[in-house]
Amino acid sequence: MLTEQDISELRALKSRYEKPQAILLPVLWRIQERNGWIDDAGMNLAAELAECTKAHVLGVVSFYTMFFEKPMGRHHIQVCTNVSCMLRGGNAVYEKVKDCLHIGHMERTPDGVFSLEEVECMGACGGAPMIAVGDTFFEKISADDAVSIIETIRTSGNVPAPKRFAQLPDLTREAI
Ligand code: FES
């Protein structure tokens with residue numbers, strides 16, 4: 001659960017906003033960072049800190065797919081199968097990862113190391129197909145690349161370096 005420091009930081013953040021409910025998302029993020037998911041106690045705490053009802057918290061947690069309502073793996077793998085990724089082999093990547101982990105959508109491995117989620121667009125379409133392991137993005141990957149990322153995590157416990165290809169446009173004045 002949250003530390004005293006977490007709570008005092010979140011209270012300080014709350015003081016910057018007109019309405020206390022504005023801090024609900026930061027509170028939920030911090031709880032998930034600490035616990036790995038939002039449990040019942042976390043929802044009560046979030047309701048208290050954001051001065052709203054628990055029903056409101058539950059509505060927010062269940063609306064945003066990035067919040068977990070059950071324990072997930074230490075390494076949560078998201079595989080995008082939306083249009084850009086699907087056209088470039090995202091479904092094959094997803095099937096291979098499923099076979100490799102022997103789990104399906106929103107399940108976790110019995111050892112608690114991995115969980116899997118098939119996701120909609122994660123905003124990395126320029127690097128399709130992509131997967132994410134936690135916050136680390138891997139773009140333009142093949143099904144075999146995905147398996148090798150999983151094997152690296154299994155053997156070393158570490159997530160390999162990200163692989164990003166999408167280029168943001170240069171919007172500096174000089175470029176215009
Ligand atoms: S469609 Fe996969 S990241 Fe956008």
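Here is how the numbers come out for the structure above:
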| quantity | calculated |
| --- | --- |
| Hits in region 105-123 - residues which are surrounded by fewer than 18 Cβ atoms within 10 Å (Cβ to Cβ) and in contact with a Leu (Cβ under 7 Å, 6 or more places away or on another chain) | HIS105, GLU107, THR109 |
| Any chance GLY73 is within 12 Å of the ligand (Cβ to nearest atom) and out of contact with any helix residue (DSSP H, G or I) (no Cβ under 8 Å at 6 or more places or on another chain) | no |
| Leading residue by the ranking (farthest from the ligand (Cβ to nearest atom)) among those in region 78-118 that are polar (S, T, N, Q) and in contact with a strand residue (DSSP E or B) (Cβ under 8 Å, 6 or more places away or on another chain) | THR109 |
| One residue from ILE31, ILE23, ILE131, ILE38 being at pLDDT 95 or above and either within 30 Å of PHE165 (Cβ to Cβ) or within 16 Å of the ligand (Cβ to nearest atom) (or both) | ILE131 |
| Failed condition for MET122, given (1) of a type in the set (A, V, I, L, M); (2) under 23 Å from GLN32 (Cβ atoms); (3) more than 15 Å from the ligand (Cβ to nearest atom); (4) in a loop (DSSP other than H, G, I, E, B) | (3) |
| Subset of region 134-159 (residues that are open to solvent by 20 Å² or more (accessible area, probe 1.4 Å) and either within 16 Å of the ligand (Cβ to nearest atom) or part of a loop (DSSP other than H, G, I, E, B) (or both)) | GLY134, ASP135, THR136, PHE137, LYS140, SER142, ALA143, ASP145, GLY157, ASN158, VAL159 |
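The values are calculated or read from the model by the stated rules, or taken from the named source; none is laboratory data. Keep in mind the model is a prediction, meaning the values are calculated, not measured. Using ideal geometry, Cβ is built from the backbone for each residue, glycine included, and neighbour counts are taken over all protein chains shown. Note: accessible area is taken over every heavy atom of the protein model, side chains too, but ligands, DNA and RNA are not part of it. Shrake-Rupley method; radii C 1.70, N 1.55, O 1.52, S 1.80 Å.
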